[in-house]
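Here the structure is laid out as structure tokens; the discussion comes afterwards.
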Amino acid sequence: MEIARPEVQRFTGSADGAIKAAAGGLSFYYGAVNALRNINVPIHEKRVTALIGPSGCGKSTFLRCFNRMHDLYPGNRYEGEIRLFPDNTNLLAPEVDPIEVRMRIGMVFQKPNPFPKTIYENVAYGLRVRGERARRVIDDKVEQALKSAALWDEVKDRLQSLAFNLSGGQQQRLCIARCLATDPELLLFDEPTSALDPIATGSIEELIHKLKDRVTILIVTHNMQQAARVSDYTAYMYLGELVEFGRTDDIFVKPRDRRTEDYITGRMG
Amino acid sequence: MDAPRVREIRSVIARGKRWDVVFAIVGIVCLMIGLLTVAALFVDMAVKGLPRISLEFFTNFPSRRAESAGILSAWVGSTLVMVVTAVTAVPIGAAAGVYLEEYAPRNWMTDVIEINITNLAGVPSIVYGLLALGLFVYQFGLGQSVLAAGLTLALLILPVVIVATREAIRAIPAAMREGSYALGATQWQTVRYHILPYSMPGILTGVIIGLARAIGETAPIITIGALTFIAFLPSPPFQPEPPFLSFEWLFAPFTVMPIQMFNWTSRPEAAFQVNAAAAGFILVLMTLAMNGLAIWLRYRLRRNINW
């Protein structure tokens, strides 16, 4: 097997418990624009890692590297690697099919994006894509996923109604259920509550808190209170670079870098 | 605020609003020029033709005697040709549109193809007729048949269908596509479960508008040699005994509505002019009905899809 870069190897010996993924020497280019520069960061297994930073700092760009979303558009280029453990696969290797990556890593978008289909079909879609045909299996997994996303009680009597009829918060939980139905190893959240009201936001945060027992979570947020509430680890990014990474408690109480301190105290950003 | 300043502001607004009135009047006049001309033509045709329209008019073959001549072979011919056109243009046009939007690499080849599709929409229909005469009628040996005519008109409306498909696909938000890919879907799964269903209203609208244009086309049909006088119907596509379906009608000689009209207008007798007006009235109604169908379908299919 190919050996991971030294930046990545450094993380795997961490005393903080298992590592699910790690970025090593990651740079990213939109055509000629260098959006990410030499990012090195570990993602701890079954923990929530938050990515914070001012608008345009590259946090969403970084998140979208994990499921090779950038491959959908021409002119994008990765350098370096993102290793997924325990199998030590480099997600960014050209020979790794982005579809394989996306089957292992789920993503929840900024704006809820349910398909214009029924609630049931939205959740079942991931299973159908994987070739599952057995009605009983699909029924079962749809129910499990909706229960895990704390949505089952609200929709169990109207699984065949359109997903668009749900409220914004329900739609976002449906999108989470859609990912959970296929048991992802890592779940990416791209500012999942920025389009939601405070109450819906609260229920999503509570859900993230519950989900970390079964899945590793990486969340982009522009809301520092949210990062402080939901995450175990926080990475602060600025101008395409990773400025500081550490336990959320440490980052918010005693940041090591001046730029991090300026941002979290509200002097910048 | 002092009174003179208020008065000044009011006069500026009043002067500005005069132009609103002027433009509104000019606009209404332009609109009326277009609308009234078409309406006058239609009403004139309806007044002339209506007395001639009866059940027999639809069930009679053309005849040398104007009062017993009908449009049976013409409307049946038009319908059959439209069926062939729709069945060939929809899959080819939709597939081409999906390919260009979803699969084609963004390079100069694709650009050249795109420009040419737009150009094709502007090629005079007689040119398509000549192409079809050489290719379908002689080269492929289809003869002067319903099939040859249907394929010719399919070529003619293909650019319309492709453009409509592409526009419908572009209207699908990127979030839908990304949502599908993020769940591990392949390109084809994304096309099959999302792109095609969501763009179907737009594609169908394009198809029907294309068909509404094709049903009135005369030049290419004459070029490939449709008959002007025909007193029998193609064999029916459905049969009482197995295999129940017959495709002989595809190779039958035929005529279509606009040719029947053209034939009657070129007769010297006044009675045939009435027939031509009546046939024209029916043809316009057929076109309007198709446009109505397009609007209804779009409304029906879009009910569940609103972004």
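Read-outs throughout are calculated quantities, based only on the coordinates presented, and are distinct from any laboratory measurement. None of these values were measured; they are calculated from a predicted model. Cβ atoms come from the backbone with ideal geometry, glycine included; neighbour counts cover every protein chain shown.
Rounded to whole Å and sorted largest first, list the principal axis extents of the Cα atoms in segment A:190-241.
Principal extents (largest minus smallest coordinate, Cα): 31, 26, 16 Å.
Convex hull volume of the Cα atoms in segment A:215-262, per residue, in Å³?
That works out to 84 Å³ per residue.
Any idea what log10 I(q)/I(0) is at q = 0.18, 0.21 Å⁻¹ for segment A:78-157, Debye with uniform C-alpha scatterers and no solvent?
Taking Cα atoms of segment A:78-157 as identical point scatterers yields -0.91, -1.05.
In µm²/s, what is D for segment B:167-307 at 25 °C and 0.890 mPa s, where D = kT/(6 pi eta Rh) by Stokes-Einstein and Rh is the Kirkwood radius from Cα pairs?
Rounded, D is 129 µm²/s.
Over segment B:1-144, with a single point scatterer placed on each C-alpha, what log10 of the ratio I(q)/I(0) does the Debye formula yield at q = 0.16 1/Å?
The computed values of log10 I(q)/I(0) come out as -1.13.
Residues of A:112-121, mean number of Cβ from any other protein chain within 10 Å of their own Cβ, rounded to a whole number?
Average neighbour count from other chains, rounded to a whole number: 4.
Give me the percent of Cα-Cα pairs in chain A that sit more than 29 Å apart, rounded to a whole number.
32 percent
Considering only B:G122, B:G70, B:G179, give the residue with the highest GNM mean-square fluctuation for chain B, with springs between Cα atoms whenever their separation is below 10 Å.
B:G179
How much mean residue ellipticity at 222 nm does the protein assembly as shown get from its helices, if each DSSP H run of length 4 or more adds -39500 (n - 2.57) and you divide by all residues, to the nearest 500 deg cm²/dmol?
-16500 deg cm²/dmol
Only Cα pairs under 8 Å and at least 6 apart count here; give the relative contact order of segment A:1-100 as a rounded whole percent.
Relative CO of segment A:1-100 lands at 29 percent.
Among B:A154, B:A279, B:A294, which one shows the biggest mean-square fluctuation in a GNM of chain B, springs joining Cα atoms closer than 10 Å?
Evaluated over chain B, the most mobile residue of the options is B:A294.
Let me confirm one metric for peptide B:173-179, namely the mean number of other chain beta-carbon atoms within 10 Å of its residues' beta-carbons.
For this peptide, the per-residue mean of nearby foreign Cβ atoms is 5.
Cα extents of segment A:56-194 along the three principal axes, largest first, in whole Å?
48, 35, 26
What percentages make up the Cα-Cα pair-distance distribution of segment B:3-52 when the bins are 5 Å wide from 0?
5, 17, 12, 10, 10, 9, 8, 7, 6, 5, 4, 3, 2, 1, 0
Compute the convex hull volume of the Cα atoms of segment A:161-269, divide it by the residue count, and report the result per residue in Å³ as a whole number.
Convex hull volume per residue, Cα atoms: 121 Å³.
Give me the distance between the Cα centres of segment A:201-222 and segment B:118-139, rounded to whole Å.
One Cα centre to the other: 61 Å.
With the cut-off at 34 Å, report for chain B the share of all Cα pairs above it, as a whole percent.
The proportion of pairs with Cα distances above 34 Å equals 40 percent.
With springs connecting C-alpha atoms under 10 Å apart, model chain A as a Gaussian network and identify which of A:G80, A:G56, A:G25 has the largest mean-square fluctuation.
Comparing A:G80, A:G56, A:G25 in a Gaussian network model of chain A, the most mobile one is A:G56.
For a quick size check, give me the Cα extents of segment B:25-80 along its three principal axes, largest first, whole Å.
Dimensions of segment B:25-80 along the principal axes of its Cα atoms: 50, 26, 18 Å.
Take every DSSP beta bridge with both residues inside the protein assembly as shown and express the antiparallel ones as a percent of the total, to the nearest 5.
About 60 percent, rounded to the nearest 5.
Hey, what did segment A:6-264 get for relative contact order, percent, Cα under 8 Å, at least 6 apart?
RCO, segment A:6-264: 26 percent.
Can you pull the semi-axes for the protein assembly as shown, root of five times each eigenvalue of the Cα gyration tensor, sorted largest first, whole Å?
62, 31, 23
Can you give the charge dipole size of segment B:56-302 about its Cα centre, rounded to the nearest 20 debye, using +1 on the beta carbon of Lys and Arg and -1 on the beta carbon of Asp and Glu?
340 debye
For chain A, which longest stretch is free of loop sites, where a loop site is one of the trypsin sites (Lys or Arg not before Pro) that DSSP puts outside H, G, I, E and B and that has at most 10 other Cβ atoms within 10 Å?
Segment A:134-266 is the longest.
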